[in-house]
């Protein structure tokens, strides 16, 4: 409903310009219509309340901390796997050298 009224207002302004200035200003009247319609229909910038912003910042911090914890656990797991692999290699070498 509001959007329709805004478009009607833009049409009225464009039509008024066209009527006042004659047929030679048709292109300008059309540009006025589009410009006014654009200005009326865009959503203005709205600022968030501080509480909402703080909640968002806390969510970002928590997700970053979770990501860091996961990366730390992955590194630890890789280190543990590498250590286990090297220990197996040493045991294989020891068992192979003791047979000789």
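The values are calculated or read from the model by the stated rules, or taken from the named source; none is laboratory data. If you're wondering where the values come from, they're calculated on a predicted model, not measured in any experiment. In this analysis, Cβ positions are derived from the backbone assuming ideal geometry, glycine residues included, and neighbour counts consider all displayed protein chains.
Scan (1) surrounded by 11 or more Cβ atoms within 10 Å (Cβ to Cβ); (2) modelled with pLDDT of 90 or more for the single condition residue 76 breaks and write down its number.
Exception for residue 76: condition (1).
Of the residues 46, 63, 98, 25, only one is within 37 Å of the chain's Cα centre (by Cα) and modelled with pLDDT under 95; which? If you could, list the steps in order and put the result at the bottom.
Values: 63 fails: modelled with pLDDT under 95; 98 fails: within 37 Å of the chain's Cα centre (by Cα); 25 fails: within 37 Å of the chain's Cα centre (by Cα).
Testing whether each residue is within 37 Å of the chain's Cα centre (by Cα) and modelled with pLDDT under 95 leaves just 46.
Kindly provide the set of residues from segment 20-34 that are part of a helix (DSSP H, G or I) and surrounded by fewer than 11 Cβ atoms within 10 Å (Cβ to Cβ), ordered by number. Walk me through how you get there before you give the answer.
In the first step, residues of segment 20-34 are kept if they are part of a helix (DSSP H, G or I); the result is 20-21, 23-34.
Those that are part of a helix (DSSP H, G or I) and surrounded by fewer than 11 Cβ atoms within 10 Å (Cβ to Cβ): 20, 23, 24, 27.
Taking the condition surrounded by 11 or more Cβ atoms within 10 Å (Cβ to Cβ), assigned to a helix (DSSP H, G or I) and more than 21 Å from the chain's Cα centre (by Cα), does residue 84 pass?
So residue 84 does not fit the description; no.
Every residue in segment 36-54 that is more than 13 Å from residue 9 (Cβ to Cβ) and assigned to a helix (DSSP H, G or I), please.
50, 51, 52, 53, 54
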